[in-house]
Amino acid sequence: MPRLALAQSFWDSYDTLEKPVRAGVRKAMAKFQAMSVAELNADKGLHLESVENARDRRIRTIRITDFWRGVVLAPDDGSDVFLLVNVLPHDDAYAWAAKRLYSTNTATRALEVRDAVALDELTPVYETAARTASRRLFADISDGTLRELGIDDQVLRAARSMVDKAQLEAFSALLPEDQREVLEYLAEGFDPEDVYRDVVAVRRPADAPAEPVEDLATAIANTPARIRLVTGPQELEDILEKPFAAWRIFLHPSQRRVAYRTSYGGPAQVTGGPGTGKTVAALHRVKHLLGRSGDGRILLTTYTNALAAGLREMLGLLLDEDEKLLARVDVTTVDAYAHSVVRARSANTPKPIGDREQQLLWEKVVKQLGLPFTAQFLAQEYRHVVLGQDLRDLDSYLGASRRGRGTGLGPARRREVWSGVERFEQLLRDRKETTHLRVCARAAELLADGPAPYAHVVVDEAQDLHPAQWRVLRAAVSPGPDDLFITGDPHQRIYDSRVSLGSLGITTAGRSFRLRVNYRSTEEILAWSTQLLAPVTVDTLEGEGTDSLAGYLSLLHGRRPQVQGYATRQEETKALVDRVRTLLAEGLAPHEIGVCARFNLSLDAAEEKLRAAGIPVLRVKGQVDQGTEGVRLATMHAMKGLEFRAVSVLGVSEGAVPFPRGITPREADPLQHEADLLRERCLLFVACTRAREALSVTWSGTPSPFLPQAA
Ligand SMILES: Nc1ncnc2c1ncn2[C@@H]1O[C@H](COP(=O)(O)OP(=O)(O)OP(=O)(O)O)[C@@H](O)[C@H]1O
């Protein structure tokens, strides 16, 4: 009996098909699992036929309905796997199929597809144009090196005709996948050796024979990042029935490598720019760990309740809603987990208050004690030094390092600060209140007294966690192999936390990995957004040294971001309404459009005008009911972790981004001033990188100094 495999290109089309066509696909696919090759060839309903003038002699079409055809790659080498690659209307199917050539990459040994006809047509045109160019894109790389990286004759000729990255982009949809990625990395300036390690070696099977003579079935087995082999009729039914999510099945080799490594000797860390699939890697790690340890429990944390709800849903999908497995995973925020620990083990649980209320309390402290500090200074000192180092008494505060704080404090001043801290905590006690970080400190203490409740802890959105929160996580699992799996992006730090993971007993040295391919946004959106961070450097996730976005790229292409200033707020809002209307007319659903601004106030005006135009709107504050239709309106902070097909970032004006009240004056503390500015810059970066296909950034009056063209 032949076997069946489904290529990712098939899913891209399947997802958009109407129900009867999908039913046709299922019926046709079932035949591949029930008939012999001879029976398939003879079946009248299936009508497996070759395509005239096809570049690939193995290409066949099959009948799905009167109007729709499937495109299949049929083995001609005695192997037994049929690969379904596309479903298209009749004429399109034949035209598409005739141009495609499937081949085995000589380096990775994976199956790739190219538009061989278009490549043949385009290359001579570029060759002619390139004759007068002073430099070619890959001039420094020898043919031999390119061949070692898997570049074959046709692609080599095309590559030699390119003079710049824009031309590579023009070719990108035509090129075989692995070869295209190799060229993208080389064009970014990566060393061929690094490219071999990151793109080729991770895909190439360990037991690949020296000469690539693989049959189609082996090439398919070597391509898990793009092809799914179906094991039986039930599995076929299951995967065709469920809403399709590519991330469940097709992992980039770099994602697979980190998520499915059998075991790590201790805490492991995965970083990467926005949209590189860190959350996806974290979820797959949970799946892997569940499969490994018999009955150990797993804690999966993220930053907000809304993100936790999203993670829970995704995990259900990944684990096929297997109740037994899901029952072993707690998906929550660190704060919520810390609260549950405190609630379960102590009689009285004070109520945590927010930042604003804490600020008012600090103002009271300053007034009551006549302290020579601002409330803001004390709040920061408490957060970064006292809670950051878990200082419990005056003596430890007197001896503590205040690294990262921009003003010196002698012993007398420290005593004054400490009197303020004691008064602040007394006021909280009197009011039966606390703060989230104090709850975390208490939870870490309680956890340290008993056996660690979890076998593994997986942490997503790790970049914003405060040391007090890290202590909870550290105490929730015993130090040892596979204790912590941490994903995060230091470029997306939007809260004021400074951490040195090493000092908290979390050392990831030798177990740090980076994801570089963005799956969310187009290269145009990424390149523009990344410029926002060009003038600054950010600290690594673990707090030592600096991180970078080097080699961060997207394989998707689309429109350039619209970056536009308006004379007045009214004009800017009117333009937003027009833009949303156009996006809806282009076929986007309202919930696929995100609108964000620095303040809720700016969103109020947008909401009013959108509603007046008859456009459904939903404010994102905490949890959002995914079923409710409406354009999503969120502050930049609430955009964290989300994504939309189109994003409009409003009000990116001077005086709003950065928000002056959120910035400590340079005179008060130069280091904190810089840190605050950086945070605001990262916030804009986070907002812009939520966009998949379309990004617009607007302002009224004077643009924000963070915008590249204003620099
Ligand atoms: N292997 C994959 N195949 C297809 N889609 C993927 C894959 N990995 C990630 N994605 C998609 O890319 C998008 C971004 O993934 P994810 O949210 O995991 O990235 P992230 O690195 O956590 O992003 P951020 O840091 O910006 O929150 C999601 O839509 C996800 O479904």
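The values are calculated or read from the model by the stated rules, or taken from the named source; none is laboratory data. All values derive from a computational prediction rather than experimental measurement. Here the Cβ positions follow ideal geometry from the backbone for every residue, glycine too, while neighbour counts run over all protein chains shown.
Numbers for the structure displayed
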item	result
Complete set of residues in the stretch 14-57 that are among the acidic types (Asp, Glu) and surrounded by fewer than 17 Cβ atoms within 10 Å (Cβ to Cβ)	Asp15, Glu18, Glu39, Asp43, Glu49, Glu52
Single match in Ile494, Ile506 (criterion: farther than 18 Å from Phe685 by Cβ, in contact (Cβ under 8 Å) with a residue 60 or more places away in the chain, outside any helix (DSSP H, G or I) and of a type in the set (A, V, I, L, M))	Ile506
Long-range neighbours under 6 Å by Cβ, at least six apart or interchain, first residue farther than 17 Å from Val230 by Cβ within the stretch 240-254, second near the ligand (Cβ under 6 Å from one of its atoms)	Trp247/Val280
Complete set of residues in the stretch 230-242 that are within 22 Å of Gly277 (Cβ to Cβ) and either away from the ligand (no atom under 16 Å from the Cβ) or surrounded by 14 or more Cβ atoms within 10 Å (Cβ to Cβ) (or both)	Ile239
Residue among Ala448, Ala475 that alone is more than 16 Å from the ligand (Cβ to nearest atom), farther than 25 Å from His288 by Cβ, of a type in the set (Gly, Ala, Ser) and touching a helix residue (DSSP H, G or I) at 6+ places or on another chain (Cβ under 6 Å)	Ala448
Qualifying residue in the stretch 52-70 (condition: of a type in the set (Asp, Glu), under 20 Å from Pro224 (Cβ atoms) and touching a residue at least 24 places away in the same chain (Cβ under 8 Å))	no
Boolean, Gly404 is in contact with a helix residue (DSSP H, G or I) (Cβ under 8 Å, 6 or more places away or on another chain), over 28 Å from Val331 (Cα atoms) and modelled with pLDDT under 95	yes
Which listed residue is within 17 Å of His436 (Cβ to Cβ), of a type in the set (Gly, Ala, Ser) and either at pLDDT 95 or above or surrounded by 15 or more Cβ atoms within 10 Å (Cβ to Cβ) (or both), from Ala336, Ala375	Ala336
Residue, nearest to the ligand (Cβ to nearest atom), within the stretch 643-655, restricted to residues that are surrounded by fewer than 20 Cβ atoms within 10 Å (Cβ to Cβ) and on the phi < 0 side of the Ramachandran plot	Glu643
Residue check for Ala550: farther than 20 Å from Leu683 by Cβ, over 20 Å from the mean Cα position of the chain (by Cα) and either modelled with pLDDT under 95 or hydrophobic (A, V, I, L, M, F, W, C) (or both)	no
Tally, over the stretch 509-548, of residues that are touching a residue at least 60 places away in the same chain (Cβ under 8 Å) and either in contact with a strand residue (DSSP E or B) (Cβ under 9 Å, 6 or more places away or on another chain) or within 12 Å of the ligand (Cβ to nearest atom) (or both)	22
Verdict on Gly265 being touching an Asp or Glu at 6+ places or on another chain (Cβ under 9 Å), more than 10 Å from the ligand (Cβ to nearest atom) and part of a loop (DSSP other than H, G, I, E, B)	yes
Which numbered condition Pro352 misses (of (1) crowded, with 16+ Cβ neighbours inside 10 Å; (2) more than 17 Å from Arg429 (Cα to Cα))	(2)
Residue in the stretch 80-118 that is surrounded by the most Cβ atoms within 10 Å (Cβ to Cβ), counting only those that are hydroxyl-bearing (Ser, Thr, Tyr) and within 20 Å of Ala225 (Cβ to Cβ)	Thr108
Filtered residues of the stretch 236-259 (kept if in a loop (DSSP other than H, G, I, E, B) and over 18 Å from Arg197 (Cα atoms))	Lys242, Pro243, Phe244, Ala245, Phe250
Residue under evaluation Ala225, criteria (1) more than 16 Å from the ligand (Cβ to nearest atom); (2) of a type in the set (A, V, I, L, M); (3) part of a loop (DSSP other than H, G, I, E, B), criterion not met	(1)
Criterion violated by Leu299 - all others in (1) in contact (Cβ under 8 Å) with a residue 60 or more places away in the chain; (2) within 10 Å of the ligand (Cβ to nearest atom) satisfied	(2)
Test for Ala245: is it within 8 Å of the ligand (Cβ to nearest atom) and modelled with pLDDT of 90 or more	no
Residue satisfying all of: in the stretch 268-293; closer than 15 Å to Arg514 by Cα and of a type in the set (A, V, I, L, M, F, W, C); farthest from the ligand (Cβ to nearest atom) among these	Ala268
Test for Arg681: is it at pLDDT 90 or above and touching a Lys or Arg at 6+ places or on another chain (Cβ under 7 Å)	no
Any hit, the stretch 478-491, residues being modelled with pLDDT of 95 or more, within 16 Å of the ligand (Cβ to nearest atom), among the hydrophobic types (A, V, I, L, M, F, W, C) and closer than 22 Å to Ala638 by Cα	yes
Some residue of the stretch 400-412 being outside any loop (DSSP other than H, G, I, E, B), out of contact with any His (no Cβ under 6 Å at 6 or more places or on another chain) and over 19 Å from Pro665 (Cα atoms)	yes
Unique residue being under 27 Å from Asp669 (Cα atoms) and touching a residue at least 24 places away in the same chain (Cβ under 8 Å) when the list is Ala441, Ala476, Ala455	Ala441
Yes/no for Leu695 being modelled with pLDDT of 95 or more and surrounded by 16 or more Cβ atoms within 10 Å (Cβ to Cβ)	yes
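Yes/no per residue for (1) crowded, with 20+ Cβ neighbours inside 10 Å; (2) part of a loop (DSSP other than H, G, I, E, B):
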position	(1), (2)
Leu175	yes, yes
Leu183	yes, no
Asp194	no, no
Arg197	no, no
Pro209	no, yes
Glu214	yes, yes
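Conditions (1) surrounded by 15 or more Cβ atoms within 10 Å (Cβ to Cβ); (2) modelled with pLDDT of 95 or more; (3) among the hydrophobic types (A, V, I, L, M, F, W, C), marked per residue:
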{"position": "Thr132", "(1), (2), (3)": "no, no, no"}
{"position": "Val155", "(1), (2), (3)": "yes, yes, yes"}
{"position": "Glu169", "(1), (2), (3)": "yes, no, no"}
{"position": "Val200", "(1), (2), (3)": "yes, no, yes"}
